[in-house]
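Trainee: Structure in structure tokens, see below.
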Amino acid sequence: MRPAADLYPAIDVRGGRVVRLAKGDYGAETVYGDDPVAVAAAFAAAGARWVHVVDLDAARSGDPVNRAVVGRIATELGADASLQNGGGVRTLDDAKALADLGVNRVVMGSAAVRQPELVAEASEIVPVAVGLDHRDGELAVHGWTEGSGVRLDDALGRFPTAAAFVITDISRDGMLVGPDVDGLAAAVAATSVPVIASGGVASLDDIATLARIPGLGGIITGKAVYEGRFTVAEALAVLEAS
């Protein structure tokens with residue numbers, strides 16, 4: 001039986017390498033490998049139906065220097081798993097270029113917050129998840145370097161064509177401190193758009209706790225897998241048992 005929530009093991013790419021940042025701080029980077037394609041293949045081999053890839057360089061500068069890597073990941077995954085890709089997806093041309101590479105869903109963050117109508121337009125090209133990355137409820141933009149003045153609660157009603165919302169509590173991202181369960185549950189209850197939880201997942205207990213949120217669409221996990229807290233296969237087993 002398919003679990004209610006999908007697992008999205010994450011690959012953050014910077015300079016072609018697999019990295020993780022602490023709280024989105026580009027000065028607090030840990031490198032976990034030099035082959036994002038092999039990591040994606042391993043996630044799919046473990047049973048993941050989705051892989052979540054973020055181009056950190058593009059998120060910060062808008063320059064899609066890792067797009068070729070994203071294309072290789074899409075090719076490697078093929079029909080084995082779907083690819084969700086974010087970071088620097090700011091225009092219709094970006095969405096089309098990624099769709100042409102085989103990306104199954106793009107994530108728009110900063111551009112969506114600034115221009116909600118862009119999501120509807122891009123959704124005609126490829127399914128679009130809206131990245132709602134926040135600090136204390138205020139959405140952050142430009143690779144999490146600036147506040148937007150837009151509140152998470154208000155943003156939930158602005159994107160009727162969104163395929164999903166990826167909600168990240170930046171204060172928890174890469175910190176292994178546990179997810180914002182209450183905040184995520186409130187977001188799920190406030191929208192009919194599927195919510196994907198991101199940030200803070202540190203243990204299989206966290207996976208199980210999130211899986212108990214009625215209607216949660218997915219769970220992104222990154223650092224906990226790279227640090228050996230649990231495997232993708234173990235997380236999937238917890239979701240299937242939930």
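Trainee: In this structure, does Gly143 turn out to be over 15 Å from Tyr8 (Cβ atoms), modelled with pLDDT under 95 and touching an Asp or Glu at 6+ places or on another chain (Cβ under 6 Å)?
Mentor: Against the criterion (over 15 Å from Tyr8 (Cβ atoms), modelled with pLDDT under 95 and touching an Asp or Glu at 6+ places or on another chain (Cβ under 6 Å)), Gly143 does not qualify.
Trainee: Restricting to region 180-198, name every residue that is assigned to a loop (DSSP other than H, G, I, E, B), more than 22 Å from Val103 (Cβ to Cβ) and out of contact with any Leu (no Cβ under 6 Å at 6 or more places or on another chain).
Mentor: If the condition is that a residue be assigned to a loop (DSSP other than H, G, I, E, B), more than 22 Å from Val103 (Cβ to Cβ) and out of contact with any Leu (no Cβ under 6 Å at 6 or more places or on another chain), then Asp180, Ser192 are the ones that fit.
Trainee: For region 78-97, indicate whether the set of residues that are among the acidic types (Asp, Glu) and within 19 Å of Phe159 (Cβ to Cβ) is non-empty.
Mentor: Yes: region 78-97 contains one or more residues that are among the acidic types (Asp, Glu) and within 19 Å of Phe159 (Cβ to Cβ).
Trainee: Quick one: which residue in Val119, Val69, Val113, Val106 is touching a residue at least 24 places away in the same chain (Cβ under 8 Å) and either of a type in the set (Ser, Thr, Tyr) or under 27 Å from Ala224 (Cβ atoms) (or both)?
Mentor: Only one candidate qualifies: Val69.
Trainee: Filter region 213-237 for residues that are part of a loop (DSSP other than H, G, I, E, B) and under 15 Å from His52 (Cα atoms); which is modelled with the lowest pLDDT?
Mentor: If we take residues in region 213-237 being part of a loop (DSSP other than H, G, I, E, B) and under 15 Å from His52 (Cα atoms), then Gly222 is modelled with the lowest pLDDT.
Trainee: Could you grab me the full set of residues in region 176-206 that are farther than 15 Å from Leu152 by Cβ and either among the polar types (S, T, N, Q) or touching a strand residue (DSSP E or B) at 6+ places or on another chain (Cβ under 6 Å) (or both)?
Mentor: Ser192, Pro194, Val201, Ser203
Matching residues to (1) surrounded by 21 or more Cβ atoms within 10 Å (Cβ to Cβ); (2) under 19 Å from the mean Cα position of the chain (by Cα):
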{"site": "Pro116", "(1), (2)": "no, yes"}
{"site": "Val119", "(1), (2)": "yes, yes"}
{"site": "Ile125", "(1), (2)": "no, no"}
{"site": "Ala129", "(1), (2)": "yes, yes"}
{"site": "Leu132", "(1), (2)": "yes, yes"}
{"site": "Val141", "(1), (2)": "no, yes"}
{"site": "Gly157", "(1), (2)": "no, no"}
{"site": "Phe165", "(1), (2)": "yes, yes"}
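Trainee: Scan region 167-178 residue by residue and report those that are in contact with a helix residue (DSSP H, G or I) (Cβ under 6 Å, 6 or more places away or on another chain) and either buried (at least 22 other Cβ atoms within 10 Å of the Cβ) or part of a helix (DSSP H, G or I) (or both).
Mentor: Within region 167-178, Ile167, Gly174 meet the criteria.
Trainee: Next question, about the same structure. Restricting to region 21-74, what's the tally of residues that are modelled with pLDDT of 95 or more, more than 18 Å from Pro9 (Cβ to Cβ) and surrounded by 15 or more Cβ atoms within 10 Å (Cβ to Cβ)?
Mentor: Result for region 21-74: 2.
Trainee: Take region 95-114 and flag every residue that is surrounded by 20 or more Cβ atoms within 10 Å (Cβ to Cβ) and in a helix (DSSP H, G or I).
Mentor: Ala95, Leu98, Ser110, Ala111, Ala112, Val113 - these are the residues of region 95-114 that are surrounded by 20 or more Cβ atoms within 10 Å (Cβ to Cβ) and in a helix (DSSP H, G or I).
Trainee: Moving to a separate point now. Assess whether Ala59 counts as being within 22 Å of Gly199 (Cα to Cα), among the aliphatic types (A, V, I, L, M) and in a helix (DSSP H, G or I).
Mentor: yes
Trainee: If Asp173 meets every condition in (1) touching a Pro at 6+ places or on another chain (Cβ under 7 Å); (2) modelled with pLDDT under 95 apart from one, which number is that one?
Mentor: Failing condition for Asp173: (1).
Trainee: Of everything in region 78-93 that's under 17 Å from the mean Cα position of the chain (by Cα) and outside any loop (DSSP other than H, G, I, E, B), which residue is surrounded by the most Cβ atoms within 10 Å (Cβ to Cβ)?
Mentor: Asn85
Trainee: While we're here: Name, by its number, the condition in (1) under 14 Å from the mean Cα position of the chain (by Cα); (2) crowded, with 22+ Cβ neighbours inside 10 Å that does not hold for Pro194.
Mentor: Only one criterion is unmet by Pro194, namely (2).
Trainee: Looking only at region 1-14, filter to residues that are modelled with pLDDT of 95 or more and either of a type in the set (Val, Ile, Thr) or touching an Asp or Glu at 6+ places or on another chain (Cβ under 8 Å) (or both); which one of those is surrounded by the fewest Cβ atoms within 10 Å (Cβ to Cβ)?
Mentor: Applying the filter and picking the extreme gives Arg14.
Trainee: Would you mind telling me which numbered condition in (1) in a loop (DSSP other than H, G, I, E, B); (2) surrounded by fewer than 17 Cβ atoms within 10 Å (Cβ to Cβ) Ala208 fails?
Mentor: The one condition Ala208 does not meet is (1).
The values are calculated or read from the model by the stated rules, or taken from the named source; none is laboratory data. From a predicted model like this one, the values you see are computed outputs, not experimental measurements. Neighbour counts are summed over all protein chains in view; Cβ atoms, including those assigned to glycine, are modelled from backbone coordinates with ideal geometry.
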